[in-house]
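Working notes, structure below.
The values are calculated or read from the model by the stated rules, or taken from the named source; none is laboratory data. The structure displayed is predicted, hence computed values, not measured ones. Counting neighbours? That spans all protein chains shown, and the Cβs are built from the backbone with ideal geometry, glycine included.
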């Protein structure tokens, strides 16, 4: 009961919250996730870091509704150094226009990050997903600035390493994924603006 | 009915319009036709055997060399019959594209005689020379100039001159090397030509032949109305064009545009800023040139000259035909940054041969979609300049049951209708799965969830497959798309995709 009362007060426009108001996010397509995120969706104009124990547990499915919406808006999606071939029939089934999908496979890892920065800077590109090999804090900060300038979203998929100790990364949102029965458990490692729940489960 | 050239048409001229009313006052045009009877043979490099024949797509002989003719090989003969006549026969495939290129080369050389040059594929060029007679010293002068101009090409040719392009073409085909002055003489001059020289289809030719018509003279004698009723008005119109009673507009040949401009640097340098400044000057010159011709370009080559070695070429490509100096400079900058110069640069040259008509970007009144699309194209250009063309790919689905054939890399156009559940990642080639304790293993024991989906296809192209696909998962929670290969006897399983 007390929680509800606090919620009402927080949403009241007369209440000064001490933080600058966050711009509205891009709907994720999953109600549970939207409710948990401070921006009520993916934070627009920023970089998201996704840590996953293995490829293929559903980490891409999380972004399919967003890709579909961007495709309807006529914005492009760039896939940078994907570990496998993005499979065209699956994308079509998800309602994504292939005309807006571009796959980039550069020779050097540095070029991949350069491409991502360049793509995030243009407003025509709505989403750039990348599988970088190594990442440093300044790199993410650069990508973050580029995304902010282009009002685009950058997603960095990373494999979970053996040692859990790692420096905090300057991404606006950092998620750790885990597979559960018929769904995906999402742990929020970091969320700009504060997170309502530390952990949610998305059902497919 | 004269075949139109495939080059872009830049201007159309109707040489005989109202002048037909008063033939005496104004000089009539004089069309000179140059026909290269052995062009199809000449474009092939000389081989070991002098007995050579070009075989066309219908597998019949298209043209023969003199030695082959002596053996008895004739045009129109089946290829097998020609091979039977001579054991040393070298048969060459017909290459119409190279023929057209050779013809264009000849047309370019003819442009020095007159601006009115038109291609008449597959093997002739027609040019209007009335206006050039005085300059070149009469018809003989034109002929000798032509001889000198065309002899380096090494093609034999026949010529004929007549007041209409169609008539000169017919005469040249029959190797009547004559000049006919005056439209009123055409009727009798053309009268003796056989019917098969006309540009009409084989069916109509056969019908005319059955009626007993063998020469053009027979056609002249028939009443126009009856001829039009029985053989169609197109035939009558075509005959009128040949005789100059109806205007015969020809598409003019224009030599392709080319831009080439060079700039010497004051001193040899490796500094990017200096090279860029010089390139900017050349690019702006190129853009001015393109704007004058209302054209755009998609590929530009920049050559960086060195003192010792010859030059380093840098190719710049854009996705749309454009004329934006700033964009070109930006792309050149990207290309310059990712490559290394072997030594200092002494000069630059900008070459541009791919010049097409300019299509401006459409502007949207309310939304900025056009600028966004342009922005996207520019971004991709830039990525390509830096990463190379192979690094950027589009994907497309293909209607095929076999999963590995159901996608391809290219600029997408169509879309597929079949929407089965498919993994977001496809492994190519499929990865063989192992067994542990008689259970399938991929980073853990696999559990099958749904399936099988039988995919059996492709026996017609030698890549046949018979597979049962299942959705599976492993203890890590990865959802896998696996199949059992039914073509193999033993229990063989493969991993083919991951539902990402």
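Of all residues in region A:115-130, those satisfying the criterion of being more than 7 Å from chain B (Cβ to nearest Cβ) and in a helix (DSSP H, G or I) are A:116, A:117, A:120, A:121. When region A:39-52 is filtered for residues that are at positive phi and either within 11 Å of another protein chain (Cβ to nearest Cβ) or surrounded by 20 or more Cβ atoms within 10 Å (Cβ to Cβ) (or both), only A:45 remains. Against the numbered list (1) touching a strand residue (DSSP E or B) at 6+ places or on another chain (Cβ under 7 Å); (2) surrounded by fewer than 20 Cβ atoms within 10 Å (Cβ to Cβ), residue B:271 comes up short only at (1).
Of the residues that sit in region A:53-83 and are part of a strand (DSSP E or B) and more than 7 Å from chain B (Cβ to nearest Cβ), which one is farthest from residue A:132 (Cα to Cα)? Per the stated criteria, the residue is A:77. A count restricted to region B:145-184 and to residues that are closer than 21 Å to residue B:241 by Cβ, modelled with pLDDT of 90 or more and outside any loop (DSSP other than H, G, I, E, B) stands at 14.
Condition check ((1) in contact with a strand residue (DSSP E or B) (Cβ under 6 Å, 6 or more places away or on another chain); (2) outside the structural domain of residue B:132 (by TED's automatic domain parsing); (3) assigned to a loop (DSSP other than H, G, I, E, B); (4) at pLDDT 90 or above) across all residues:
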{"position": "B:69", "(1), (2), (3), (4)": "no, yes, no, no"}
{"position": "B:73", "(1), (2), (3), (4)": "yes, yes, yes, no"}
{"position": "B:80", "(1), (2), (3), (4)": "no, yes, no, no"}
{"position": "B:108", "(1), (2), (3), (4)": "no, no, no, no"}
{"position": "B:112", "(1), (2), (3), (4)": "no, no, yes, no"}
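In this structure, residue A:103 qualifies as at pLDDT 85 or above, surrounded by fewer than 21 Cβ atoms within 10 Å (Cβ to Cβ), more than 16 Å from the chain's Cα centre (by Cα) and outside any loop (DSSP other than H, G, I, E, B).
When we screen B:277, B:228 for residues that are assigned by TED's automatic domain parsing to the domain that holds residue B:300, modelled with pLDDT of 90 or more and assigned to a helix (DSSP H, G or I), the only hit is B:277. If you go through region B:147-154 one residue at a time, do you hit one that is surrounded by fewer than 14 Cβ atoms within 10 Å (Cβ to Cβ), within 30 Å of residue B:94 (Cα to Cα) and touching a residue at least 40 places away in the same chain (Cβ under 8 Å)? There is at least one residue in region B:147-154 that is surrounded by fewer than 14 Cβ atoms within 10 Å (Cβ to Cβ), within 30 Å of residue B:94 (Cα to Cα) and touching a residue at least 40 places away in the same chain (Cβ under 8 Å). Listed conditions (1) crowded, with 21+ Cβ neighbours inside 10 Å; (2) within 30 Å of residue A:31 (Cβ to Cβ); (3) within 18 Å of the chain's Cα centre (by Cα) are all met by residue A:113, apart from (2). Within region B:174-206, if we keep just the residues that are in contact with a strand residue (DSSP E or B) (Cβ under 7 Å, 6 or more places away or on another chain) and under 21 Å from residue B:249 (Cβ atoms), the residue that is surrounded by the fewest Cβ atoms within 10 Å (Cβ to Cβ) turns out to be B:180. Condition (residue is at pLDDT 70 or above and within 14 Å of chain A (Cβ to nearest Cβ)) applied to region B:338-354: is it met by at least one residue? The answer is yes, given that some residue of region B:338-354 is at pLDDT 70 or above and within 14 Å of chain A (Cβ to nearest Cβ). In this structure, is residue B:76 in contact with a helix residue (DSSP H, G or I) (Cβ under 7 Å, 6 or more places away or on another chain), surrounded by fewer than 16 Cβ atoms within 10 Å (Cβ to Cβ) and at positive phi? When the stated conditions are applied, residue B:76 does not pass them. The residues of region B:276-314 that are in contact (Cβ under 8 Å) with a residue 60 or more places away in the chain and in contact with a helix residue (DSSP H, G or I) (Cβ under 7 Å, 6 or more places away or on another chain), listed by number, are B:276, B:279, B:283, B:296.
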